[in-house]
Amino acid sequence: RINPVLGHIQVRAVTHGDIQRLHHGIRSTPATANRTITTLSKFFSWAIRGGYRPNRQNPCKGLEKFKEAPRKRYLS
């Protein structure tokens, strides 16, 4: 889900808008969209620590996650 949308952009060139387009592109599955953003946020935090992102900017910060329906779980 991530590579087809962001794979052609350099890590330092990814913007908040790129992340937002990805997030809204998979809004039909809110849980997957939210987990994707969580994974990307962790990746960009790593990239900042490694010096691959300028100005310590994480493009995932400030993005509102979709509401998820709670699941009922049963012990089996």
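Here is how the numbers come out for the structure above:
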{"quantity": "Rounded accessible area per residue of the chain, 1.4 Å, Å²", "calculated": "77 Å²"}
{"quantity": "Normalised alpha carbon radius of gyration of the chain [divisor 2.2 N^0.38 Å]", "calculated": "1.25"}
{"quantity": "Proximal lysines relative to K42, as straight alpha-carbon distance under 18 Å, when same-chain residues fewer than 8 apart are discounted", "calculated": "K61, K65"}
{"quantity": "Mean separation of Cα contacts under 8 Å, 6 or more apart, over the residue count of the chain: relative contact order %", "calculated": "32 percent"}
{"quantity": "Accessible surface of the chain [probe 1.4 Å, protein heavy atoms]: carbon and sulfur percent", "calculated": "52 percent"}
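The values are calculated or read from the model by the stated rules, or taken from the named source; none is laboratory data. What you see is a predicted model, and the numbers here were worked out from it, not measured in a lab. SASA here: full protein model, heavy atoms, side chains in, ligands and nucleic acids out. Shrake-Rupley method; radii C 1.70, N 1.55, O 1.52, S 1.80 Å.
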